[in-house]
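Take a look at the structure set out below.
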Amino acid sequence: MRKWIVAGNWKMHNTISESVALAYAIKEGTTGLKNGEVVVAPPFTALHSVGEAIKGSAVALAAQNMYYEDKGAFTGEVSPSMLTDAGCKYVIIGHSERRKYFNESDENVNLKVMKALATGLKPIVCVGETDGERNKGVTQSVVNRQVRKALAGVNKIDHIVIAYEPVWAIGTGKVATSAQAEDVHDFIRRLLVEIYGCMADDVRILYGGSVTKDNIGELIAMEDIDGALVGGASLKPDDFLGIINKMP
Ligand code: 13P
């Protein structure tokens, strides 16, 4: 039985004090939670403070990105050991916004995944097709390439979480239907089974893209949807807790 995950990607939002207030509200709203995992990914500047705020709670800390070197002359970058030091358990890797605005390639994503694992961080690896790719009918080949390349050289998949985030659904209010999402989740699951055998049964595959407390119920009912990576709706305690409350 896979344990669900609801992860909030706060993106480039919230000062330190706003982040801490949001973290406390989520912490209070999730006391006693046992059957799943709640994760928050604040901006880098707030990681440590949020990490302190959620100590002893059911909420885990994630970073939104990292570099693939331990240290050195890489101005502006943050290393994986800096993230574990700040209290992170997870790190989001290969978000479509990083691929689009910061030219992150599949090869970059792979280097980051390998380094995160070597440092003891659990990568939340994001994949997903654009609008144009879906219209051309190449969704599966795009996702196939992204997953295979991201995981090249990864022998053990037990620390990996995959997030399927169709780019056309991110921040648009245009959520994938549960059937559209399940189609791709099922495809990813079968791909992982092909590469990793029965180990793939335990991998959590999250859906992301315009998730709200009103549409999560249908999505989470699907067999291969194991939770959500939430953007906009993770910034308001009521909306985020509303999603968590819909988990089985
Ligand atoms: P929205 O929930 O705002 O569509 O963002 C999804 C996302 O990109 C999460 O990583």
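Laboratory data are not the source of any read-out in this text; all were calculated from the coordinates shown. No experiment lies behind these values; they were computed from the predicted model shown. All Cβ positions, even for glycine, are placed from backbone atoms using ideal geometry, and neighbour counts span all protein chains on display.
What's the total number of residues in the range 130-159 that are over 18 Å from the mean Cα position of the chain (by Cα), over 15 Å from LYS115 (Cα atoms) and of a type in the set (A, V, I, L, M)? So the answer is 2.
Based on what the data block shows, is VAL40 within 16 Å of the ligand (Cβ to nearest atom), in contact with a strand residue (DSSP E or B) (Cβ under 8 Å, 6 or more places away or on another chain) and within 16 Å of ALA23 (Cα to Cα)?
yes
Taken across the range 90-103, residues that are more than 16 Å from the ligand (Cβ to nearest atom) and in contact (Cβ under 8 Å) with a residue 40 or more places away in the chain do not occur at all.
Scan the range 148-157 for residues that are closer than 13 Å to LEU191 by Cβ and among the basic types (Lys, Arg) and report the count. Selection size over the range 148-157: 2. Taken as a whole, the structure leaves ARG145 outside the set of residues that are in contact (Cβ under 8 Å) with a residue 24 or more places away in the chain and farther than 16 Å from ILE188 by Cα.
Residue by residue, here is whether (1) more than 24 Å from ALA25 (Cβ to Cβ); (2) touching a residue at least 40 places away in the same chain (Cβ under 8 Å); (3) within 18 Å of the chain's Cα centre (by Cα) holds:
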{"position": "ASP183", "(1), (2), (3)": "yes, no, no"}
{"position": "TYR196", "(1), (2), (3)": "yes, no, no"}
{"position": "VAL203", "(1), (2), (3)": "yes, yes, yes"}
{"position": "LEU206", "(1), (2), (3)": "no, yes, yes"}
{"position": "GLY242", "(1), (2), (3)": "no, no, no"}
